[in-house]
1. For PHE26, state whether it is surrounded by fewer than 23 Cβ atoms within 10 Å (Cβ to Cβ), touching a residue at least 24 places away in the same chain (Cβ under 8 Å) and in a strand (DSSP E or B).
2. Residues in the stretch 239-252 that are part of a helix (DSSP H, G or I) and loosely packed, with under 15 Cβ neighbours inside 10 Å: how many?
3. Answer yes or no as to whether PHE76 is at pLDDT 60 or above, aromatic (Phe, Trp, Tyr) and under 15 Å from the mean Cα position of the chain (by Cα).
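The values are calculated or read from the model by the stated rules, or taken from the named source; none is laboratory data. Given the structure is predicted, the values throughout are model-derived calculations rather than measurements. Every residue, glycine as well, gets a Cβ built from its backbone with ideal geometry; the counts of neighbours run over all protein chains shown.
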Amino acid sequence: MFISHKYKAIFVHIQRTGGNSIQKIFEEFDPDLIETVPVDPSKNRTKHCYISDIKAAVDETVFNSYTKFCVVRNPFDRMVSWYSHFKDRGNDEDARIRLNQGDRTLRMYYRGLAFFGRNSEASATYTRLWLKLFQMFKRFEPGSAEEVAVRFSAIGERVMSEVNKNASSFEEFVMLPRDHQGGLFERFFVDQAEYASCDGKLVMDRILKLENLSQDFEALAKDIGFAGRLPHVNRSSRKTRYQEYYNEKTRSIISERFRRDLECFGYSF
């Protein structure tokens, strides 16, 4: 996520929707970009917080007047992307090491936040200091331990480990229990509309689609006066069409689980 006062924009970064491309280009054009807001650590979301989290953390005038936008993706394709993401990382020893280093850094932040109390003046000051530290980390090379440390929550390593332990196939991945280890796999079950809603109502001013991201972003950039061109990072190397991962059973499960996304954003199998 980010808040840009320069461009009067609020971006909700939904996981597995190509949001890193947008995050990266705004970082280059807005050095004062705000990339985190205080969120209850038990919710296990920082970079990928909901618009409701942002609304609770910013001034009402800012929230109502800034352009709020996000990127969404076909839920069938997104579930395959989740599966590929964890399978690829599970086979990458370097990625596991970097994730572990990142986990420790963010755990330190959360411990301090819990100590001061989420809504206290002290916690606000504490968060601002950590934001400065995070911005310093961004001067390091992409992929370095320092850079990765501020981009992965402490839960990331556990999720990756448990996915690879409990799901040897896409069908098993789709059927992972929602309440496993206190909701460890919850992120796989949250529809994209939830990220973009407050009190059950979509509040985004612009909803971009990954399938048409270049054109959708160009239109958004024109509206907010943003001159940057969208880079392409984290592009999937997957060559198999997402439809080929599904059988009748898994298609039915995803159709039901993400019915709201299918209806809100006009997607189908």
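1. Working: surrounded by fewer than 23 Cβ atoms within 10 Å (Cβ to Cβ): yes; touching a residue at least 24 places away in the same chain (Cβ under 8 Å): yes; in a strand (DSSP E or B): no.
Spelling it out, it is not the case that PHE26 is surrounded by fewer than 23 Cβ atoms within 10 Å (Cβ to Cβ), touching a residue at least 24 places away in the same chain (Cβ under 8 Å) and in a strand (DSSP E or B).
2. Filtering the stretch 239-252 down to residues part of a helix (DSSP H, G or I) leaves 242-245, 248-252.
So of that shortlist, the ones also loosely packed, with under 15 Cβ neighbours inside 10 Å come out as 243-244, 248-249, 252.
Total meeting the criteria: 5.
3. Working: at pLDDT 60 or above: yes; aromatic (Phe, Trp, Tyr): yes; under 15 Å from the mean Cα position of the chain (by Cα): no.
Against the criterion (at pLDDT 60 or above, aromatic (Phe, Trp, Tyr) and under 15 Å from the mean Cα position of the chain (by Cα)), PHE76 does not qualify.
The rows are residues; the columns are (1) modelled with pLDDT under 90; (2) touching a strand residue (DSSP E or B) at 6+ places or on another chain (Cβ under 9 Å).
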position: ASP216; (1), (2): no, yes
position: LYS222; (1), (2): no, no
position: GLY228; (1), (2): no, no
position: VAL233; (1), (2): yes, no
position: SER236; (1), (2): yes, no
position: LYS249; (1), (2): no, no
